[in-house]
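Below is one structure; the comments refer to it alone.
The values are calculated or read from the model by the stated rules, or taken from the named source; none is laboratory data. Only a predicted model underlies this, so the values are computations on that prediction, with no experimental measurement involved. Counting neighbours? That spans all protein chains shown, and the Cβs are built from the backbone with ideal geometry, glycine included.
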Amino acid sequence: MEDEKNLNRLIGEAMEDEGYSVDRCFNGLEAMEFMDCAKYDVIVLDILMPRMNGLELVKKLRARGDKTPVVFLTSLDSVEDRVAGLNGGGDYYLVKPFVMEELAAVVRMLARKNAGTNSNELTVADLTLDMTAQKVTRGGTEISLSPKEYALLEYMMRNKGIVLSREMIENNLWNFDYEGGTNVVDVYVSFLRKKLDTGFDKKLIHTVWGTGWVLKEES
């Protein structure tokens with residue numbers, strides 16, 4: 001969440017290079033809309049954002065019980081500013097200009113903290129995604145995925161049980177400058193469903209007609 005578009009892009013690309021799925025937005029109200037629709041491992045945000053500043057946003061998140069770790073990125077570098085940021089619900093305060101490697105290290109640390117474990121595995125039923133080895137297995141059998149299929153699966157597993165719209169997936173996997181075909185998400189979901197569910201009695205990817213898709217274990 002950064003209103004300076006070039007820095008927003010650079011941070012997003014750096015985090016994607018680290019293997020993360022990334023949603024990017026440019027103001028506080030837009031950020032709240034994202035937080036209403038998905039669960040995140042870490043939030044990286046500027047304090048001085050339009051429409052709702054970072055401190056106000058985090059205050060609202062904490063008030064509703066959202067404990068997602070927050071990294072503040074800001075040019076406000078006084079001791080008072082740092083104290084206000086940490087007391088206001090932030091977990092880390094990084095002053096601009098910063099080194100991207102430090103931000104990446106902080107995000108890794110907070111992501112582990114949020115998971116409550118040092119494990120880098122995501123699981124749904126008998127499906128496992130090992131983020132360290134970038135390996136996917138179901139029922140003990142390894143499944144080969146393209147980079148885009150892997151990113152889609154990781155995003156769906158991080159948001160298991162949540163219905164994800166086509167727009168949400170487009171913004172997550174291709175970001176806001178994507179200009180591809182309108183059915184590209186449908187195509188990749190179809191590829192992924194074929195690889196994950198073919199040959200298994202229990203299906204994990206479900207279509208919610210008129211809305212999107214959800215990854216969940218059948219009840």
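With the requirement that a residue be aromatic (Phe, Trp, Tyr) and within 16 Å of the chain's Cα centre (by Cα), what does the range 63-77 give you?
none
Is it true that residue 13 is modelled with pLDDT of 90 or more, over 10 Å from the mean Cα position of the chain (by Cα) and in the same structural domain as residue 92 (by TED's automatic domain parsing)?
yes
Condition check ((1) under 18 Å from the mean Cα position of the chain (by Cα); (2) over 20 Å from residue 23 (Cα atoms); (3) of a type in the set (D, E, K, R); (4) modelled with pLDDT of 90 or more) across all residues:
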position: 173; (1), (2), (3), (4): yes, no, no, no
position: 176; (1), (2), (3), (4): yes, no, no, no
position: 187; (1), (2), (3), (4): no, yes, no, yes
position: 191; (1), (2), (3), (4): no, yes, no, yes
position: 194; (1), (2), (3), (4): no, yes, yes, yes
position: 206; (1), (2), (3), (4): no, yes, no, yes
position: 210; (1), (2), (3), (4): no, yes, no, no
position: 213; (1), (2), (3), (4): yes, no, no, yes
position: 217; (1), (2), (3), (4): no, yes, yes, no
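Return yes when residue 113 is of a type in the set (Lys, Arg), modelled with pLDDT under 85 and over 13 Å from residue 21 (Cβ atoms) and no when it is not.
Yes: the conditions hold for residue 113.
For residue 95, which of the numbered conditions (1) under 21 Å from residue 38 (Cβ atoms); (2) in contact with a helix residue (DSSP H, G or I) (Cβ under 9 Å, 6 or more places away or on another chain); (3) free of Cβ contacts under 8 Å to residues at least 40 places away in the same chain fails to hold?
(1)
Out of curiosity, is residue 99 of a type in the set (Val, Ile, Thr) and within 24 Å of residue 62 (Cα to Cα)?
No, not satisfied.
Out of 83, 107, which single residue is over 20 Å from residue 202 (Cα atoms), touching a residue at least 24 places away in the same chain (Cβ under 8 Å) and either in a loop (DSSP other than H, G, I, E, B) or aliphatic (A, V, I, L, M) (or both)?
None of the other options fit; the residue is 107.
Any idea how many residues of the range 1-19 are under 22 Å from residue 151 (Cα atoms) and in contact with a Lys or Arg (Cβ under 9 Å, 6 or more places away or on another chain)?
Within the range 1-19, residues that are under 22 Å from residue 151 (Cα atoms) and in contact with a Lys or Arg (Cβ under 9 Å, 6 or more places away or on another chain) number 6.
Please pick out the residue among 19, 12 that is surrounded by fewer than 18 Cβ atoms within 10 Å (Cβ to Cβ) and touching a residue at least 60 places away in the same chain (Cβ under 8 Å).
Sole residue among the options that is surrounded by fewer than 18 Cβ atoms within 10 Å (Cβ to Cβ) and touching a residue at least 60 places away in the same chain (Cβ under 8 Å): 19.
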